[in-house]
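Here the structure comes first, spelled out in structure tokens, and everything after it is commentary.
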Amino acid sequence: MKTKDELIDDLLNLAFAEDVGDGDHTTLSTIPAEARGKSRLLIKEEGILSGVNIARQVLAKIDPELKMEVFINDGTRVKPGDVAFTVEGSVRSLLVAERTMLNIMQRMSGVATMTDKYQQRLEGLHTRVLDTRKTTPGMRMLEKEAVKTGGGVNHRIGLFDMILIKDNHIDFAGGIEQAVNAAHKYLEETGRNIKIEVEVRSLDDIRRVLAIGGVDRIMFDNFTPELTAEAVQLVDGRCETESSGGITLETLRAYGETGVDFISVGALTHSVKGLDMSFKAM
């Protein structure tokens, strides 16, 4: 299995392959090879900055001799007119790197800004916002990093780092008991040590999960805030709790006030507007 760094490197290779192809012929035809210059990353919208460290990797991949001076780090609240960093070196390299770097930083900063907006709504509560697997194909590692930058918490990265028994698994397995017991058996037989989470659709489902035991988290699927409060009391700290399903910024606080540990929000990554910024010559 590839590491996070290897996946990011693959993403950057693909990004440049689709953007640069056999060469940036506009730049090659208009800019002398010896031309030197300096550009700045200018913020044009309020939000949370994310992707500075990835930008460094983008620049190094294009041209290791580019010199980057950072003024604002990831996780910082920014406003129009702020300069996050400057880059100095070959003008050709600056122009080739520009769009890929901006695409990644705008997307990541948009995710971080959205996450911050949701987490701020839960201020004063112990409840934390979780991301989901509803990510842009190929950019999951970056988007989940941006969620952390914005103050949220990563759920599982993919299908490989947690057992999440959802309604379809339960239905195909023949019931909650069959699905959970099969998961326990699988972990024992394979020698794996990963957490088990079970999605439930009623208070009775919760009782059944608790009776089986050995579950790390219970997900309340499409519960109302009122039912969630009952569910949290029923679990009574015996495992972690999570709310999921159609929860919006407007309803988020009501769910958090039930005492649930986590609220998963697909909108953190699937309904995001990129943060406006530019990379221009100085």
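The values are calculated or read from the model by the stated rules, or taken from the named source; none is laboratory data. Every value quoted in this text rests on a predicted model; they were computed, and no experiment measured them. All Cβ positions, even for glycine, are placed from backbone atoms using ideal geometry, and neighbour counts span all protein chains on display. We work out accessible area using only protein heavy atoms, side chains counted, and drop any ligands, DNA or RNA first. Shrake-Rupley method; radii C 1.70, N 1.55, O 1.52, S 1.80 Å.
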Taking only protein heavy atoms into account and a 1.4 Å probe, give the accessible area per residue of the chain in Å².
-> 50
Considering only the chain, what is the antiparallel percent among its DSSP beta bridges, to the nearest 5?
-> 50
Most to least packed among 103-109, 178-184 [average Cβ atoms within 10 Å] = 103-109, 178-184
May I ask for the angle, rounded to the nearest 10°, between helix 4-20 and the longest principal axis of the chain, with both axes built from Cα atoms and the value confined to 0 to 90°?
-> 50
Relative to a virtual label point 7 Å from the Cα of E18 in the Cα→beta-carbon direction, which members of the stretch 96-139 show backbone nitrogen distances below 19 Å?
-> 96-111, 134-139
Percentage relative contact order, the chain, counting C-alpha pairs under 8 Å, at least six apart = 23
Relative contact order (percent) for the stretch 123-258, with alpha-carbon contacts under 8 angstrom and 6 or more residues of separation?
-> 18
Rounded tilt (10° steps) of 91-121 against the dominant C-alpha axis of the chain | 30
The stretch 105-254, accessible surface, carbon-and-sulfur percent (1.4 angstrom probe) | 49
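Kindly identify the stretch 11-164 as rounded, prolate or oblate by the Cα gyration tensor criterion: order the square roots of the eigenvalues as a ≥ b ≥ c, call it rounded if a/c is under 1.5, otherwise compare a/b with b/c, prolate if a/b is larger, else oblate.
Oblate shape, in that a/c is at least 1.5 and b/c is the bigger or equal ratio.
At 0.36 nm per residue, minus the direct Cα-Cα distance, what do D161 and N193 gain on full extension? Give it in nm, one decimal, please.
Numbers: separation 32, 0.36 × 32 = 11.52 nm, distance 0.92 nm.
Between D161 and N193, full extension yields an extra 10.6 nm.
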Would you grab the residues whose amide H sits under 5 Å from the one on I48? Only those 5+ places off in sequence or on another chain, please, with H modelled 1.01 Å from N.
-> V78, T113
Cross-link reach list, lysines versus K166, counting only Cα pairs under 25 Å and skipping chain neighbours closer than eight places | K134, K144, K148, K185, K195
How much length is gained on full extension from E257 to E65, taking 0.36 nm per residue of separation minus their Cα-Cα distance?
-> 63.9 nm
The chain, helix-only ellipticity at 222 nm - DSSP H runs n ≥ 4, -39,500 (n - 2.57), divided by all residues, nearest 500 | -14000 deg cm²/dmol
Between E6 and S202, the FRET efficiency computed from the C-beta separation at R0 = 25 Å comes out, to the nearest 0.05, as 0.05
If you rank K166, K2 by how much accessible surface each has, with a 1.4 Å probe, what is the order from largest down?
-> K2, K166
Compute the longest continuous run of the chain that contains no exposed GluC sites (Glu not before Pro); treat a site as exposed when its DSSP state is not H, G, I, E or B and it has at most 12 other Cβ atoms within 10 Å.
-> 124-282
